[in-house]
Amino acid sequence: MLRRRRIFLPMNIHHLELFYYVAKHEGISNAVRKIPYGIQQPAVSAQIALLEESLDATLFHRRPFKLTETGQALYEFIEPFFSKLKKTADDLRGGESQRVRVGASHIILSEHMPVIMEKVREDRPDLRVSLLPGHQPTLETALLAREIDVAVTVLEREPPTGIEARSLLEIPLVLVARRSSKIRSLDDLFETQKTTEPLICLPADEPVTKIFRTGLANAGVDWHTTLEVNSFDLAEKLAAKGFGFGIGVVSPSSKRGPGVRAIPLPGFPTLKIGVLWQGKLEGLLKKFVEGIEWHVGNLKQMLADEAQSIGKSG
């Protein structure tokens, strides 16, 4: 008896596009929320099944999600094409090639990014910038997903494979106290292992709070948060009114209010600021990173002068 020969049809490009989103976002339900046009989950499932049938292979395990060896090979083949579609379309349309997508923490976006953008715009007057707030883990995810081009962030850990990192600056932490406070130094504050003074602190997941807590642990000091705020500015205003001691950083970009002074934190870890990106630095991305480094160069001496001033006043 003759065996019936199976005929395999060419791969459907639309099926490949759907598979790209499923593989990128690790699941069909996640992919449906990210696909840039309306399509329902059953339709995606059905068309992925057709793709697997045409290849006579399983591309991924559903629960928990994991690409098979065949699925990984297919994703690595199609990812460069689909991931660059938007950028290619922007380049072909013209006018969008001068756009850079930047991720950074709120304080960097508000206090430093305008100066950096102004510097880059001197050479690229048609510069366009998209801004995404976030901390290192969120920004790394956005970089790997090609949702941003560059990130400026506190470096809390080593970045994952595929992301380049360059250290830029270390910023000391300080405590902000009411100017009339009799406490002038950490020795005054930490006479015992547990201080009872009120502490005004940013949320626990903020990098500056994590670093401050590390410093307290190293000093063997137990100090609980009394007031939780969402900005250095608010912490300083509350400290000026006598509500406690606020966490801050040495920052020449904004002057201290008239009712407060800074107490240095010798021996405490510093905020390590760095820039993250993927691939080769070239074109507008290279120019933008150069703008960041130019701004950091100006800040370093100002930070040193400010830290010296705080040391003398403390």
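Readers should treat all values here as calculations from the given coordinates under stated rules, not as data from a laboratory. Every value quoted in this text rests on a predicted model; they were computed, and no experiment measured them. When we count neighbours, we look across all protein chains shown, and the Cβ atoms used for this are built from the backbone with ideal geometry, even at glycine.
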Counting only residues 5 or more apart in sequence or on a different chain, those whose built amide H sits under 5 Å from that of Arg184 are none
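Quick check on my link table: of Lys119/Lys237; Lys194/Lys241; Lys182/Lys300, which ones sit more than 26 Å apart, alpha carbon to alpha carbon?
Going by Cα-Cα distance, Lys119/Lys237; Lys182/Lys300 fall outside the 26 Å limit.
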Net charge of neighbours whose Cβ lies under 14 Å from the Cβ of Phe19, counting Lys and Arg as +1 and Asp and Glu as -1: -3
For the pair Lys86/Lys286, report the inter-label distance in nm, with labels modelled 7 Å from Cα in the Cβ direction. 2.5
Pseudo-spin-label distance Ser45 to Lys210, built 7 Å along Cα→Cβ, given in nm, is 3.7
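Given Lys84/Lys272; Lys87/Lys286; Lys24/Lys287; Lys24/Lys87; Lys24/Lys66, which pairs have Cα atoms separated by over 20 Å?
On the way: Lys84/Lys272 32 Å; Lys87/Lys286 17 Å; Lys24/Lys287 29 Å; Lys24/Lys87 17 Å; Lys24/Lys66 11 Å.
From Lys84/Lys272; Lys87/Lys286; Lys24/Lys287; Lys24/Lys87; Lys24/Lys66, over 20 Å: Lys84/Lys272; Lys24/Lys287.
First select every other residue whose beta carbon is under 11 angstrom from the beta carbon of Pro137; then total the charges, Lys and Arg +1, Asp and Glu -1.
Local net charge: -2.
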Using the C-alpha gyration tensor of the stretch 13-83, what are the square roots of 5 times its eigenvalues, in whole angstrom, with the largest one first? 16, 14, 12
May I ask what percent, to the nearest 5, of DSSP beta bridges between residues of the chain are antiparallel? 60
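Please arrange Met117, Met302 by how many other C-beta atoms lie within 10 Å of their C-beta, fewest to most. Don't skip to the end; give the middle numbers.
Numbers: Met117 19, Met302 13.
Fewest-to-most ranking of Met117, Met302: Met302, Met117.
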Set the Förster radius R0 to 45 Å, insert the Cβ-Cβ distance between Asn30 and Ser185 as r into 1/(1 + (r/R0)^6), and round the FRET efficiency to 0.05. 0.30
Kirkwood Rh over Cα pairs of the stretch 69-222 into Stokes-Einstein at 37 °C, 0.692 mPa s: D in µm²/s? 169
Over the Cα atoms of the chain, how large are the radius of gyration and the largest Cα-Cα distance (Dmax), in Å? 25.8, 100
